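Accompanying notes for the structure given below.
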Amino acid sequence: MEFDAIAGVAHAPAEEATGIVLLTHGAGGNRESPMLVKLCDEWASRGWLAVRYDLPYRRRRPKGPPSGSAAADQAGVVHAVALARSLTSGPVLVGGHSYGGRMTSVAVADGLAVDVLTLFSYPLHPPGKPERARTEHLPRITVPTVFTHGTSDPFGTIDEVRSAAALVSGPTEVVEVTGARHDLGSKTLDVPALAVDAAVRSLRP
């Protein structure tokens, strides 16, 4: 499989793919995250090749928090995009859950060329420590960016997420998931469909 180099699992559409979506996981998770699986299924059902992949620290160690340097994980995102670009002439969308989204957003802020950035439960600050905001790189992001966030997420309130989104230099949309915590679980809302709808909208000129 083309994505073995990034420990990726591909969800292929029935027809020729419109483009490629690359999604990665949170700090304690891996590519088997139920949310990533649902998101990739949703993208594939809409004609996109969707790939969920492990960051470099997770390839080194199957469990535990991130180890090694954040720069190495950001380089893993860059490598994944380079691989995707070699396989499609269509759009490339990137993103991830929590830590994975943060690493992806830093890579994009540092100049990684993508078409849309889609962030799930972006960890704006450690729980209970709003003064430790992780927003310094957001003004350097110029691509369309979607924040999908739960209203009960301890890593940032919806108001904090909206304020963070306003720092991004490109167009943004916040998908509010009422009642959801950091895992974005919801019994009433189809979170993958809402998130994909927003990302597709952001692709339009």
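The values are calculated or read from the model by the stated rules, or taken from the named source; none is laboratory data. Just so it is clear, the model here is predicted, and its values are computed rather than measured. With ideal geometry, Cβ positions are generated from the backbone for all residues, glycine too; neighbour counts draw on all protein chains shown. With ligands, DNA and RNA removed, areas are computed over all heavy atoms of the protein, side chains included. Shrake-Rupley method; radii C 1.70, N 1.55, O 1.52, S 1.80 Å.
Here the 3J(HN,Hα) profile of segment 14-24, calculated from phi with Karplus coefficients 6.51, -1.76 and 1.60 at θ = phi - 60°, is 6, 10, 4, 6, 5, x, 10, 10, 10, 10, 10 Hz, Gly and Pro shown as x. Size check on the chain: the Cα extents along the three principal axes, sorted descending, read 43, 37, 33 Å. Computed from point charges on the beta carbon alone (+1 for Lys and Arg, -1 for Asp and Glu), the dipole magnitude for segment 60-205 about its Cα centre is near 400 Debye. With a cap of 10 neighbouring Cβ atoms within 10 Å, and only residues DSSP puts in a loop, list the GluC sites (Glu not before Pro) found in segment 3-69. Loop-located and lightly packed - E15, E16. Sequence-ordered 3J(HN,Hα) estimates for segment 138-152 from the Karplus curve with 6.51, -1.76 and 1.60 and θ = phi - 60° stand at 4, x, 7, 8, 10, 8, x, 10, 10, 9, 9, 8, x, 6, 10 Hz, glycine and proline given as x. Convex hull volume per residue, computed on the Cα atoms of segment 63-183, equals 113 Å³.
Neighbours of S33 by Cβ distance under 13 Å: Lys/Arg scored +1, Asp/Glu scored -1, total 0. Beta bridges per DSSP, both residues in the chain: antiparallel share near 15 percent. Heavy atoms of the protein chains alone define the surface here; on that basis the chain has 43 Å² accessible area per residue at 1.4 Å probe size.
A simple rule links phi to the HN-Hα coupling: the Karplus curve 6.51 cos²θ - 1.76 cosθ + 1.60 with θ = phi - 60°, which for segment 70-79 gives 4, 4, 5, 5, 5, 5, x, 5, 4, 5 Hz, with x for Gly and Pro.
Among L117, L83, L22, the largest mean-square fluctuation in a Gaussian network model of the chain (Cα springs under 10 Å) belongs to L83. Element breakdown for the chain at a 1.4 angstrom probe: carbon and sulfur atoms account for 54% of the accessible area. The Cβ shell under 12 Å around R162 holds other residues with a net charge of -4, Lys and Arg each +1, Asp and Glu each -1.
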